[in-house]
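Presented below is the structure to which this report refers.
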Amino acid sequence: MSDTPETPKIYVVDTSVPMHEDEALENFGDNCVFLHIAVVEELEGLKKADGEKGASARAALRKIVAFSDQGSLTNGVPTRGGGRIFISYTSDEDFQLLPVGLEKTNDNRMILLAKKLQNANPCRQVIVVSKENSMRIKANACGLLAQDYKHDKLVSSLNELYSGFSTIVLEKDELGAVAELLKVGSLDESFIKDALASDLNLHPNQCCLIRNSDGQEAMAIYKKQAHTFVLVKPRSKKTADELIPRNMYQWFAYALLTDPSVRVLTLCGVAGAGKTLMSLCAGIEQLGGLYNQLTVFRTPAGVGLELGFMPGDLHEKFKDWKKPILKLFNRMLGHPAKDDKKKSSKKSRSSDLEITEASLGDSLEIGPIMYLQGDTFFNQFVIADETQNITPKEAEIVRTRLGEGSKIVFTGDPTQIVRPHLDSISNGLVSTIALLAGAEYYGHLNMPISERDDVVQDMIERAKQRTQT
C-alpha cells in the first residue's frame, strides 16, 4: 500500500478516551480504530464505580456492545465516519518488541499492540491516542506517534477564544454617535459604520466600549437582529443584594445577566472577577419576576473524592461544596462569615442570623452538576458554577436542560483545571463558548480584572507575564 495522504491511519485508543467521551470511537473519520481487549476488561472493572466514573464506563461499554452487534470486532465493523473499529490482543511473548524493563501492564499491552500494527503496516501511520500524559510519553519513547484525543478541542488555544468584548474607536465622529448613544440610550449601527467606514464584525450581544477622538466613551451591547447598540449605563442605585458592580466588565456582565433575550450566558475570567457574585446578584434581583427559582449547580471536582464515598445522604455529601455559594449570599446580605465574626464587632444590616440553604426555602437550590440528566428547568435562573471542570459532554447535558422561561449561566476560569483529562481548551466552559458564539440567544464575556484584592490582581498579572516570556 502506497504512503499517500488518502491512506487511512491506524489509531490505537486506550481506556481513557471512551471514558472521557463515549462517542469518541465514532470520531476518527474514515480511519481504523483498534482497542486492545484489555480496554474492555478495564471498563468492566470500572462500571460499578460510584458517580461519574461508573457512568462513563457503562456508557463506553454500551457503545462497544452496539459495535459488536453489527458483526465481528476481530474483523472490524464500520463506524459512522466510514472507518472501521477492531478489538485485538497481544501475547506476553510479544513484549520482546518493547524496551527491556517495561512491565506487563495493560497500558504497555496497548502500546505493544500499536507496535505490532506498526510493524505489520509499514506504509501507514499508527498513532496511540490517550488522555493520559504518561501513556503518550511511553508510546513516544517506544518509537510510536502519540497524541491526545482532539475531537473535543474546538480551539487550539485560549487566544483564539471569543472574548465577548470589543473596543470601537471612532476617529471621525462627525455625526456625534457617542453623544447620541449617551443621550438616547440606543444607537443604530449605521452611525458606527459611517464613522468607521467599514463593516462591523461583531457577534450578537457583544459588549462594546465605543470611544471617539474627543475622549467621549460609552458602554453598549450590540443587538445584531435589531442592528442597534443598547447603552449600558452604570447606575448609582445598588442591586438587590446592595452591591454595586466595581468595574466596566462587571457592569457588562450585569447587563447580560438581566437581559431576558440572552437565554444562555458564559462568564469566564480570573479569580475574584465577580463571575459568581454578579450572577447571584442578578438572579436574586429577578426572583419573583422573570424567574421563580434560583438554582446553582457546582462540580465537586478538586477534593479528590467521589460523592459516593462521602458519608450521609446527597445533601450531607455535597454540603462542603455549597459553602462558597452560601458564603457569597451572606456577604451580599451583610452577614459576616464565621471566620470574621470574632474580628468584627459590627452588626449585620439585616440580622445576626447566618443565611443557610434551608432558610432560603424553595427560592434557592444548590446541587451537584452530575445529577442533572433527565431534568428540565422551567422559569429558573440557573448558574452552573466552575464549569471549566466539567467535560464538553456534561456541558451539553446542562445546556439541553433549558426549558421555557429559564436562563442558564456558565461561570468558570479555563486556567483553573483540577479534574483529570481536562485542560484549558478541552472543557465544558470553553466548548460552550466555541459552539454558541454567534447565536442570537447567547452572550459571553471574559472578565480580566480581579476585585478580590489588589494583591490578587498583581499576582495574576505576574503569572500572566511569566507564561508569556
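The values are calculated or read from the model by the stated rules, or taken from the named source; none is laboratory data. Here the structure is a predicted model, which is why all the values come from computation and not from measurement. FYI the Cβ positions are ideal-geometry reconstructions off the backbone, even for glycines, and counts take in every protein chain you see.
Scoring G443 on the criteria (1) touching a residue at least 60 places away in the same chain (Cβ under 8 Å); (2) of a type in the set (G, A, S); (3) part of a helix (DSSP H, G or I) leaves a single failure, condition (3). From the list V40, V17, the one residue that fits, being closer than 30 Å to R298 by Cα, at pLDDT 95 or above and crowded, with 18+ Cβ neighbours inside 10 Å, is V17. Out of the residues in region 402-418 that are outside any strand (DSSP E or B) and over 13 Å from the mean Cα position of the chain (by Cα), which is nearest to T376 (Cα to Cα)? Restricting to residues being outside any strand (DSSP E or B) and over 13 Å from the mean Cα position of the chain (by Cα), the top hit is G403.
Scanning for something over 35 Å from the mean Cα position of the chain (by Cα) and either more than 18 Å from F28 (Cα to Cα) or crowded, with 19+ Cβ neighbours inside 10 Å (or both), does region 126-143 turn up at least one residue? Explain how you work it out, then say what you get.
Let us first name the residues in region 126-143 that are over 35 Å from the mean Cα position of the chain (by Cα), namely none.
So far as region 126-143 goes, no, none of its residues is over 35 Å from the mean Cα position of the chain (by Cα) and either more than 18 Å from F28 (Cα to Cα) or crowded, with 19+ Cβ neighbours inside 10 Å (or both).
Being touching a residue at least 24 places away in the same chain (Cβ under 8 Å), more than 29 Å from the chain's Cα centre (by Cα) and farther than 30 Å from R109 by Cα: is that true of I168 here? Considered against the rule, which asks whether it is touching a residue at least 24 places away in the same chain (Cβ under 8 Å), more than 29 Å from the chain's Cα centre (by Cα) and farther than 30 Å from R109 by Cα, I168 comes out as no.
Please return the ranges of strands (runs of 3 or more DSSP E) entirely within region 171-235 where 1 or more residues are acidic (D, E).
Numbers: elements: 186-188, 206-212, 217-223, 228-231.
Of the strands (runs of 3 or more DSSP E) lying wholly inside region 171-235, those with at least 1 residues that are acidic (D, E) span 186-188, 217-223.
Confirm whether L277 is outside any loop (DSSP other than H, G, I, E, B), among the hydrophobic types (A, V, I, L, M, F, W, C), surrounded by 20 or more Cβ atoms within 10 Å (Cβ to Cβ) and at pLDDT 90 or above. The answer is no for L277.
Of everything listed in (1) crowded, with 16+ Cβ neighbours inside 10 Å; (2) modelled with pLDDT under 95; (3) in a helix (DSSP H, G or I), the single unmet condition for V430 is (2). Residues in region 36-61 that are touching a Phe, Trp or Tyr at 6+ places or on another chain (Cβ under 7 Å) and not in a loop (DSSP other than H, G, I, E, B): H36, I37.
For V262, state whether it is part of a strand (DSSP E or B), modelled with pLDDT of 90 or more and among the β-branched types (V, I, T). Judged against the criteria, V262 is not a match. Among the residues that make up region 446-457, is at least one of them closer than 16 Å to Y249 by Cα, aliphatic (A, V, I, L, M), part of a loop (DSSP other than H, G, I, E, B) and modelled with pLDDT under 95? Yes: one or more hits.
Per-residue answers, yes or no, for (1) in contact with an Asp or Glu (Cβ under 6 Å, 6 or more places away or on another chain); (2) among the polar types (S, T, N, Q); (3) at positive phi; (4) part of a helix (DSSP H, G or I):
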residue: K63; (1), (2), (3), (4): yes, no, no, yes
residue: T90; (1), (2), (3), (4): no, yes, no, no
residue: D94; (1), (2), (3), (4): no, no, no, yes
residue: E103; (1), (2), (3), (4): no, no, no, no
residue: I127; (1), (2), (3), (4): no, no, no, no
residue: I137; (1), (2), (3), (4): no, no, no, yes
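The set of residues in region 75-115 that are modelled with pLDDT under 95, surrounded by 14 or more Cβ atoms within 10 Å (Cβ to Cβ) and among the hydrophobic types (A, V, I, L, M, F, W, C) comprises F95, L97, L98, L102.
Look at (1) surrounded by 15 or more Cβ atoms within 10 Å (Cβ to Cβ); (2) of a type in the set (D, E, K, R); (3) in contact (Cβ under 8 Å) with a residue 24 or more places away in the chain and you find that K47 fails only one, number (3).
Among residues of region 219-231 that are under 13 Å from G443 (Cα atoms), those with a Cβ under 7 angstrom from a residue that is surrounded by fewer than 17 Cβ atoms within 10 Å (Cβ to Cβ) and among the charged types (D, E, K, R), sequence gap 6+ or separate chain, pair up as K224/E440.
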